[in-house]
Every structure is written in C-alpha cells, then in structure tokens.
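Worksheet: the structure to be examined is printed underneath.
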Amino acid sequence: MSGTAKANILVVDDEDQMRRLLSITLREAGYRVREAETGRTALGEIALRSPDVIILDLGLPDVSGMDVLRAMRPLCAAPVLILSVFAEESGKIAALDGGANDFLTKPFGSGELLARLRVLLRRAEPASPDMIFRFGKIEVDFFLNRVFRDGQPVQLTAKENALLHFLIAHRDRLLTHGEILRQLWGPEAENQTNYLRVYMKRLRDKLGDDVDTEGGHFQTEAGIGYRFVGELDVPRDS
C-alpha cells in the first residue's frame, strides 16, 4: 500500500458518534472508509472486501472485539488498530498477543490516530537477506550477517543477533514480551521477561542507541514489550 489515497479502512465500532467522527477524520486525510457496528458485520466486510487496515473497538454488542480478532486472522492479514476505553496492561497485552498490531485508548486525538495509521500502512515485509539496514550510526548487513557501528564491527552473540534481526524484521510493530520470548527462547520461556531485559540492555549498550530520547530506535512500552522504529535501506544490488 503506497500513500493514503488508495487505502481502504474498516471502522468497527458500535457507537454512531464515534464511527462518524472516525469516518470524517479518515476521509479528510484521504482514506476510503467503510463502517461496521457489529462484530458479525465486520467479519462479513473483512471476508468480502479485504480492507487495508481495520480499526476495531473491543466493546461490540454481539461478540467481543477479541472474538472478531481471532476469527478474522485466518481470513485477513491486514493490520489492526484496537480502540478501547480500558487502559489496563492486561487488555493491551491480550489484544497484541491475539493478533492486533497497535492499541489506542479512548479518548485520543486525531493526530495520534493518523500517525499510528501511517505507521501501520508502511510496507512491513521482513528484511530480505540482500538488504542493508541502517539506523543512526548502525549498519546491519543481512547478507553477511554482520553489524557495524561507525564503520567498526560490533560483536554480537547469536541470541543478540537473533533478537536484533527479529526486531528489525517487525519494525514499527509493538512486540509483546511473550511474543519475542516464544520466538527466540521457545514456549517454555514465555514468562521469563528477565531474559529479554538482559538482552535488550546488552543490545543497547553495544549499539549505543539512546533510548531515553524521543527519537530512540528501541522504544519500550512499559509492562508490554518493545517496538523498533527505523527505515529499511535499499537492496545492495540497486
């Protein structure tokens, strides 16, 4: 999906006023919008029309938003932005682990909504082996499986390297602790968040990423997980 003009967004919310507000905001920003006020209507829209992004409220009158999320994933891989009046960490984690890509708590500003949609609409293909990925002073060469800082090689362990590659491959997406641990350490390590904290600290120390600033590439969502923000460079043969 390139640009907002051709992006089709499905808004799923049972509140007429919220749907109207979202639709006006999105159309003014150049998006095409369809609406659904129930979970069953949403699933029909998803199956028939394959939206580019889905904005999904968790509190629906017929089935829960989580049920919609679980049911739609075999049908559609479109990014899902969850809306909810509840801000508890457990709810966010459940939605992200259930297949959502991002979470926005009501009330929210139109600027934040549109910014999150722009992130979701970026091309999210995993980095291919012939790609070089640069951010700040760091260069990651997927072809040679090497990492450089200021042109000097950085020695990473196999696990540190795997973690860095996993974050880059899912750039701009909020990854929960459990998702990362399952992928890199196996299902039995899903609750061992201390593993992840140690390796994230090692990566930050070795790469010198200033995560305490607004522009840091390794972004932490306290109690939930991590998000890597960066731009993918061109293939080596271009």
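Computed from the coordinates by the stated procedures, all read-outs in this text should not be read as laboratory data. This structure is a prediction, so every number in the text was calculated from the model and none was measured. No Cβ is skipped: glycine too gets one built from the backbone with ideal geometry, and neighbour counts run over all protein chains shown.
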Theoretical gain in end-to-end length, GLN155 to THR105 [0.36 nm per residue, Cα-Cα removed]: 14.0 nm
Rank the residues ILE55, ILE132 as a footprinting-exposure proxy: fewest other Cβ atoms within 10 Å of their Cβ go first. ILE132, ILE55
Please state, to two decimals, what the Cα-based radius of gyration of the chain comes to when divided by 2.2 N^0.38 Å (N = residues). 1.08
Percent antiparallel among DSSP beta bridges confined to the chain, nearest 5, equals 55 percent
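Assuming 0.36 nm per residue, please report the length gained on full extension of the stretch SER90 to ASP14 beyond their Cα-Cα distance.
Answer, rounded to one decimal: 25.1 nm.
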For a label point 7 Å from the Cα of ALA77 along Cα→C-beta, name the residues of segment 35-68 whose backbone N is under 19 Å from it. 46-55
Could you identify which residue out of PHE228, PHE218, PHE135 has the top mean-square fluctuation in a GNM of the chain using Cα springs shorter than 10 Å? PHE135
Would you calculate, for the chain, the mean residue ellipticity at 222 nm contributed by helices, counting each DSSP H stretch of 4 or more residues as -39,500 (n - 2.57) and dividing by all residues, to the nearest 500? -11500 deg cm²/dmol
Apply the Kirkwood formula to segment 10-81: the hydrodynamic radius equals the inverse of the mean of 1/r over all pairs of different alpha-carbon atoms; give it in Å with one decimal. 12.0 Å
Sites ALA115 and ALA222, calculated FRET efficiency, Cβ-Cβ separation with R0 25 Å, nearest 0.05: 0.80
Point-charge dipole on Cβ atoms (K/R +1, D/E -1) for the chain, about Cα centre, debye to 20: 480 debye
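Between GLU188 and ARG27, what is 0.36 nm times their sequence separation minus the Cα-Cα distance? Round to one decimal in nm.
Extra length from GLU188 to ARG27 when fully extended: 53.4 nm.
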Given the pairs LYS6/LYS137; LYS137/LYS159; LYS106/LYS137, which are separated by over 27 angstrom at their Cα positions? LYS6/LYS137; LYS106/LYS137
